[in-house]
Amino acid sequence: MDLLGLALLTLVASGVGTMTGFGTSTIMVPVVALFLPFPVTLVLVGIVHWFGNVWKMLLFRGGFSRKLLLWFGLPGVITSFLGASLTIRTDADLLQRLLGYLLIGYVLFLMLKPKFKLSQTPATAMTGGALSGLMAGIFGIGGAVRSAALSAFNLPAATYLFTAGAIGLVIDSSRLVTYLGEGVTLPARLLAGLLLFVPISFLGAKIGERLVKRVPAEKFRWVVAVFLFIVGVWLAVK
């Protein structure tokens, strides 16, 4: 894939990732991995994804919730490391298919119980954060799992997106340090390409922000649910 193709993919992934809270990796990793070695894919997409989380936090800073961030985020970050250690001993394809079925089941549950939501208490937030972090660590696609957990709180769009971005930023930072510490580097061509991909990711985030503002608050949860269903089907059948 040439730099222009990567730039276009970054624009689309950033726009969709911002609108749904998934981040760019759910879309970019499967595509980029077709053309680049997987470790290089993780570093390249990880850097773009890191900036994407920064853009979400800036664009939706009005949704900042200190309590939700601490209650949900801290347990999620801790258990994500535990999940990552567990996944080494388990077949990755089996785990991804299982995640796909879980996401599909969650969306079907929402269709049957459209008014379902978790109360925003410390206990439920910490439990939801711990479970989403554990599953993100095990299954490797954190954005979709985190979005499923956060959407169960039926949050305002800005709060949902800011929280997803902030949690993703912390997890991405630790992952990038690990990749780089293991000696994974980007070729000079891709390093130069980041000068294009990073500002384009901001453009995609701005497009996603405008699309979010056009979606009525009561419909936003279903926008996320549709994308969760699509990701779930893709994981289950791939």
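What follows is calculated from the coordinates using simple rules that are stated; it is not laboratory data. The structure displayed is predicted, hence computed values, not measured ones. As a convention, Cβ positions derive from the backbone with ideal geometry for all residues, glycine included, and neighbour counts pool all protein chains shown.
A few notes on this one:
- In degrees, nearest ten, helix 157-181 long axis to first principal axis of the chain (Cα): 40 degrees
- Taking 0.36 nm per residue of separation and subtracting the Cα-Cα distance, full extension of the segment from Leu203 to Met1 would add 70.6 nm.
- Label zone (Phe116, point 7 Å along Cα-to-C-beta; backbone nitrogen cut-off 20 Å) within the range 205-238: 218-236.
- Angstrom value of the Kirkwood radius, inverse mean 1/r, which spans all Cα pairs in the chain: 17.7 Å
- Sparsely packed loop sites in the range 12-120 (the chymotrypsin sites (Phe, Trp or Tyr not before Pro) outside DSSP H, G, I, E and B with at most 14 other Cβ atoms within 10 Å) comprise Phe35, Phe64, Phe116.
- In sequence order, calculated HN-Hα J values of the range 99-114 (Karplus, 6.51, -1.76, 1.60; Hz; x Gly/Pro): 4, x, 5, 5, 5, 4, x, 5, 5, 4, 4, 4, 5, 7, 10, x
- Prolate/oblate/rounded call for the range 115-226, Cα gyration tensor, a/c under 1.5 rounded: oblate
- Between Leu108 and Leu8, the modelled label-to-label distance comes to 3.7 nm, taking each label 7 Å out from Cα in the direction of the beta carbon.
- Trp234-Tyr179 pseudo-label distance in nm [points 7 Å out on the Cα-to-Cβ vector]: 1.7 nm
- Using 0.36 nm per residue and subtracting the Cα-Cα separation, the extra length available between Leu195 and Val226 on full extension is 7.9 nm.
- Computed from Cα atoms, the angle from the helix 142-151 axis to the main principal axis of the chain rounds to 20 degrees.
- Rel. contact order, % - alpha carbon contacts under 8 angstrom, at least six apart, the chain: 39 percent
- Reciprocal of mean inverse Cα separation for the range 25-69 (Kirkwood radius, Å): 11.9 Å
- Alpha-carbon centroid distance for the pair the range 92-133 / the range 182-203, whole angstrom: 33 Å
- Report summary: the helix-based calculation at 222 nm, which adds -39500 (n - 2.57) for every DSSP H run with n ≥ 4 and divides by the residues of the chain, gives -26500 deg cm²/dmol.
- Computed from Cα positions, the angle between helix 188-214 and the longest principal axis of the chain comes to roughly 30 degrees.
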